[in-house]
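Single-structure report; data block below.
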Amino acid sequence: MALLEIDDLHVSFKTMDGVVRAVAGVSLSLDARRTLGIVGESGSGKSVTAQTIVGLTRFPNAKISGRIMFDGRDLVSMDADHLRDIRGARIAMIFQDPLSSLHPFFKVGHQIVEAIRVHEDVPRDVAKRRTIEALRSVGIPSPEERFDSFPHEMSGGMRQRVMIAMALALRPDILIADEPTTALDVTVQAQVLELIQALRDDFGTAVILITHDLGVVAQMCDDVAVMYAGRVLEQAPREVLFDGPQHPYTWGLLQSIPRLDAPRSDRLSPIAGSPPSLINVPRGCTFHPRCPYTPPPALETEPPLEEAEPGHLVRCHLSVEERRRLWQSLQSEHPALR
Amino acid sequence: MAVAAERAPGAEVDESLLVVRDLVKHFPIRKGVLQREVARVHAVDGIEFDVRRGETFGLVGESGCGKSTTARLITRLLAPTSGSIVYDGKDISSWTERRLRPLRRDVQMIFQDPYASLNPRRSIGTIIGEPLRLLGVSDRSARRVRVREVMERVGLNPEHYNRYPHEFSGGQRQRIGIARAIVLEPKLIVADEPVSALDVSIQAQVLNLLQELRDEMGLTLVFIAHDLSVVRHMCDRIAVMYLGKIVELATGDRLYAHPRHPYTGALMSAVPVPKSAAGRGRRRVVLAGDVPSPVSPPPACRFHTRCWKAQQICREEEPPLESKGEQDVAACHFPLSEGEVDALTRPSTE
Ligand SMILES: Nc1ncnc2c1ncn2[C@@H]1O[C@H](COP(=O)(O)OP(=O)(O)OP(=O)(O)O)[C@@H](O)[C@H]1O
Ligand SMILES: Nc1ncnc2c1ncn2[C@@H]1O[C@H](COP(=O)(O)OP(=O)(O)OP(=O)(O)O)[C@@H](O)[C@H]1O
Ligand code: SF4
Ligand code: SF4
Ligand SMILES: [Mg+2]
Ligand SMILES: [Mg+2]
């Protein structure tokens, strides 16, 4: 039994322009001590998926269906009070912009102490000691003094470390990190990623890491789901996804990025066009307007997410053999893909 | 300034379109009723480099190291505190706005956030044609013809001439910014993080467009980014900046094959590589701490507070930017050896 099991999740929002189908049938599962990466371009539904797990998309204009099983209970149908107990203490979340989750008028130490005391019945001085320990372990220099800093007195990297310290102090079962390093410099990103890894290794915390950076996924994740237009198009263990990706969109992403680890190429081979509007999602395969391999059924019916090999799911009408052949020929054209 | 230009390492004077020497920009921090200067941000603190005609020159470094300030100095959107900027043989560092006007045609800039740099109340046709109007092309239909031509060239539909910026996606807005930059057929374009806000598939499209335009128009390009892979892909030579200084300058290939400065090495080892076996066995240098404040940068070598190779001399004497082999220059007392580079960048077999 997985720690977290998302089954056929749909989330849509009614807006002035029409209904935004942000998540359209996502199923994912996460085990303890594992890191699941969700990767995809802007607007593919990554954040909405993550936020829905902890009940942050329950807006009046939202329609949510499907199940999210955690610890034997369904988070989608759970009442708000119970969900609040789970959020933070058992499922923690950190965002791209830590300022949005830190209160600007309270000292950071105080905020962590309060977070601990909301979920656990411990005296203030014990909570404070744990907070300082947590700040120290995420590499905040002189944590006793930093305890009394306000969020705006810290750099972006330091604020992100404070958020991780909060997660550390609460020891959640699951950490959901939504683009935690996107706003940070690479050297600071390296520090933050290391901390997340340590959290997993030391406490067995399972991690859902949302990013648009395939490099971060390769470094951090055990399993990867590639999202596009509210759907998972490909899902596989990390090695499988990077050694033998089978979806044309994944190939497109890999071909779009300049690589430090390969000889310089003359020109990149980007995916044509741009991602679709989630109000008018293309019929059939959602990727077909941008796909160079469109076979006729792609225009009519949406391919199911099917197992291409054990543990490797792909949503594409092409046959497994065809996709293998196409990937090999791409590799022979582009040394960077080898 | 001709004297200064002559000591450009490895470059003939007339090969260079832009020669920058001892360039400094400090921003005063003022306080109180009297607005007295209490401190200074050392945004750019004595840098020198040449940009050769037709090359793509890269500036890379982390947030706040002075890349955008450098861009705004060499395009003279800012006046330097001191130092010289020689463009096409003329020292423009202290020219007045009036004198700079003809130059505004030759030198254009592209910004990171296309939305913030586009007037939301103007149609994109007007925005792209603005530089023509400022230059005194008063014939509206002539402007329109040229604008439509440029729109077509950058992959925008000329039919959309009368639309407004908010009707376009991020990638299209960046194309608008590029169209506006090339409408006067400039010689030099300074692109400050032109693709940093874009998704990877769109980023690749815009990078390809910039390369095509550069080749077609014989442009010289100064390309600024914090993403090392993007800079490496685009540039012939690359300068790495840290806290207002250039710490290393080399051709892209040599910089990646053999970084000399520990900071460059650390930057490169921090870039995650999208490969299944990546990172395993690789010695990733995780730098401790944050970049120090540019208000009071560390003395001598500015990197010493985070450098794992730092010795006493690094805290006492500033290492000069000097040759470390071929035409590469680096500012370090103890540059990385080949063995050290191997450990940083290549996956080991263990
Ligand atoms: N509360 C809301 N009301 C209406 N639409 C919304 C709401 N929240 C998200 N959306 C829309 O849902 C879609 C998916 O958004 P989501 O934030 O999940 O994308 P993402 O994959 O996280 O992208 P990014 O990489 O930009 O963060 C987008 O089109 C977004 O505009
Ligand atoms: N007008 C200004 N007044 C005061 N300080 C400034 C001004 N412009 C820039 N600075 C400061 O100068 C330093 C260099 O800034 P700059 O914008 O050049 O950095 P950058 O390398 O472009 O960073 P980023 O990657 O974040 O764009 C920073 O500390 C910045 O805060
Ligand atoms: S189903 Fe067709 S259009 Fe969709 S990804 Fe596969 S080949 Fe491309
Ligand atoms: S001079 Fe010293 S402190 Fe500076 S980069 Fe070189 S070794 Fe490190
Ligand atoms: Mg998001
Ligand atoms: Mg900048």
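The values are calculated or read from the model by the stated rules, or taken from the named source; none is laboratory data. In this text, all values refer to a predicted model and were calculated from it rather than measured experimentally. Glycine also receives a Cβ, built like all others from the backbone with ideal geometry; neighbour counts cover every protein chain displayed. Only protein heavy atoms, including side chains, enter the accessible area calculation; ligands, DNA and RNA are left aside. Shrake-Rupley method; radii C 1.70, N 1.55, O 1.52, S 1.80 Å.
Where residues in the range A:21-44 are open to solvent by less than 10 Å² (accessible area, probe 1.4 Å) and assigned to a loop (DSSP other than H, G, I, E, B), which of them is modelled with the lowest pLDDT?
Looking at the filtered set, the residue picked out is A:E41.
Write out, first by first residue and then by second, each pair whose Cβ atoms fall under 9 Å of each other, whose residues are 6+ apart or on separate chains, and whose first residue, in the range B:300-325, is within 14 Å of chain A (Cβ to nearest Cβ) while the second is open to solvent by less than 70 Å² (accessible area, probe 1.4 Å) and within 16 Å of ligand 1 (Cβ to nearest atom).
Sorted first by the residue in the range B:300-325, then by its partner, the list stays empty.
Given the criterion hydroxyl-bearing (S, T, Y), more than 14 Å from every other protein chain (Cβ to nearest Cβ) and open to solvent by less than 60 Å² (accessible area, probe 1.4 Å), identify the matching residue among B:S201, B:S123.
None of the others qualify; the one that does is B:S123.
Could you check how many residues of the range A:293-323 are surrounded by 15 or more Cβ atoms within 10 Å (Cβ to Cβ) and assigned to a helix (DSSP H, G or I)? Show your work before the answer.
Looking only at the range A:293-323, we keep the residues that are surrounded by 15 or more Cβ atoms within 10 Å (Cβ to Cβ), and these are A:293-295, A:298, A:302-303, A:305, A:308, A:312-318, A:320, A:323.
From what is left, the residues that are assigned to a helix (DSSP H, G or I) are A:298, A:320, A:323.
The number of residues fulfilling the criteria is 3.
All but one of (1) among the hydrophobic types (A, V, I, L, M, F, W, C); (2) open to solvent by less than 50 Å² (accessible area, probe 1.4 Å); (3) over 28 Å from A:D213 (Cα atoms) hold for A:F106; state the number of the condition that does not hold.
Just one mismatch for A:F106, condition (2).
If B:S138 meets every condition in (1) modelled with pLDDT of 90 or more; (2) open to solvent by 40 Å² or more (accessible area, probe 1.4 Å); (3) over 28 Å from the mean Cα position of the chain (by Cα) apart from one, which number is that one?
B:S138 satisfies every listed condition except (1).
Which of the residues belonging to the range B:194-232 are among the basic types (K, R) and in contact with a helix residue (DSSP H, G or I) (Cβ under 7 Å, 6 or more places away or on another chain)?
First, the residues of the range B:194-232 that are among the basic types (K, R): B:214, B:232.
Matches in the range B:194-232: B:R232 only.
Any residue that is under 22 Å from the mean Cα position of the chain (by Cα), outside any helix (DSSP H, G or I) and either outside the structural domain of A:D213 (by TED's automatic domain parsing) or buried (at least 18 other Cβ atoms within 10 Å of the Cβ) (or both) - is there at least one of those in the range A:141-151? Steps first, answer last, please.
From the range A:141-151, those under 22 Å from the mean Cα position of the chain (by Cα) are none; that's our starting set.
No, the range A:141-151 has no match at all.
Residues checked against (1) farther than 22 Å from A:D8 by Cβ; (2) away from every other protein chain (no Cβ under 14 Å); (3) in contact with a Gly (Cβ under 9 Å, 6 or more places away or on another chain):
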| position | (1), (2), (3) |
| --- | --- |
| A:N280 | yes, yes, yes |
| A:T286 | no, yes, yes |
| A:Y293 | yes, yes, no |
| A:P297 | yes, yes, yes |
| A:E302 | no, yes, yes |
| A:L305 | no, yes, yes |
| A:L313 | no, yes, no |
| A:C316 | no, yes, no |
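Could you check the range B:3-113 for strands (runs of 3 or more DSSP E) lying wholly inside it with 1 or more residues that are surrounded by fewer than 20 Cβ atoms within 10 Å (Cβ to Cβ)? Give the derivation first.
Values: elements: B:16-31, B:36-52, B:56-60, B:82-87, B:107-110.
Passing ranges, in order: B:16-31, B:36-52, B:82-87.
Just name the residue that is farthest from ligand 2 (Cβ to nearest atom) out of those in the range B:281-337 that are within 24 Å of the chain's Cα centre (by Cα) and not in a loop (DSSP other than H, G, I, E, B).
Among them, the one singled out is B:S323.
Answer with yes or no whether A:S77 is open to solvent by 60 Å² or more (accessible area, probe 1.4 Å), over 22 Å from A:V207 (Cα atoms) and in the same structural domain as A:A190 (by TED's automatic domain parsing).
Values: open to solvent by 60 Å² or more (accessible area, probe 1.4 Å): yes; over 22 Å from A:V207 (Cα atoms): yes; in the same structural domain as A:A190 (by TED's automatic domain parsing): yes.
When the stated conditions are applied, A:S77 passes them.
Any residue in the range A:230-242 that's at the interface with another protein chain (Cβ under 9 Å from one of its Cβ atoms) and over 17 Å from A:R324 (Cβ atoms): show its pairings with residues that are of a type in the set (A, V, I, L, M) and assigned to a strand (DSSP E or B) at Cβ separation under 6 Å, as long as the two are six or more apart or on different chains.
These pairs meet every condition: A:R238/A:V224.
Look through A:L9, A:L56 and report the one residue that is open to solvent by less than 50 Å² (accessible area, probe 1.4 Å) and either out of contact with any Cys (no Cβ under 8 Å at 6 or more places or on another chain) or not in a helix (DSSP H, G or I) (or both). Steps first, answer last, please.
Working: A:L56 fails: open to solvent by less than 50 Å² (accessible area, probe 1.4 Å).
Going through A:L9, A:L56 in turn, the sole match is A:L9.
Of everything in the range A:170-196, what is in contact (Cβ under 8 Å) with a residue 24 or more places away in the chain, closer than 30 Å to B:M241 by Cβ and away from ligand 1 (no atom under 15 Å from the Cβ)? Give them in sequence order.
A:L184, A:D185, A:V188, A:Q189, A:Q191, A:V192, A:L193, A:L195, A:I196
Among the listed residues A:D201, A:D222, which satisfies the condition of being of a type in the set (D, E) and either under 30 Å from A:E306 (Cα atoms) or crowded, with 20+ Cβ neighbours inside 10 Å (or both)? Steps first, answer last, please.
On the way: A:D201 fails: either under 30 Å from A:E306 (Cα atoms) or crowded, with 20+ Cβ neighbours inside 10 Å (or both).
The unique qualifying residue is A:D222.
Hey, A:A272 hits all of (1) part of a loop (DSSP other than H, G, I, E, B); (2) away from every other protein chain (no Cβ under 12 Å); (3) closer than 26 Å to B:L210 by Cα but one; which does it fall short on?
All conditions pass for A:A272, except number (2).
Looking at the range B:210-230, which of the residues that are crowded, with 22+ Cβ neighbours inside 10 Å and within 14 Å of chain A (Cβ to nearest Cβ) is farthest from B:L135 (Cα to Cα)?
Among residues in the range B:210-230 that are crowded, with 22+ Cβ neighbours inside 10 Å and within 14 Å of chain A (Cβ to nearest Cβ), the one farthest from B:L135 (Cα to Cα) is B:L228.
Before we move on, is A:T49 assigned to a loop (DSSP other than H, G, I, E, B), open to solvent by less than 50 Å² (accessible area, probe 1.4 Å) and assigned by TED's automatic domain parsing to the domain that holds A:D213?
no
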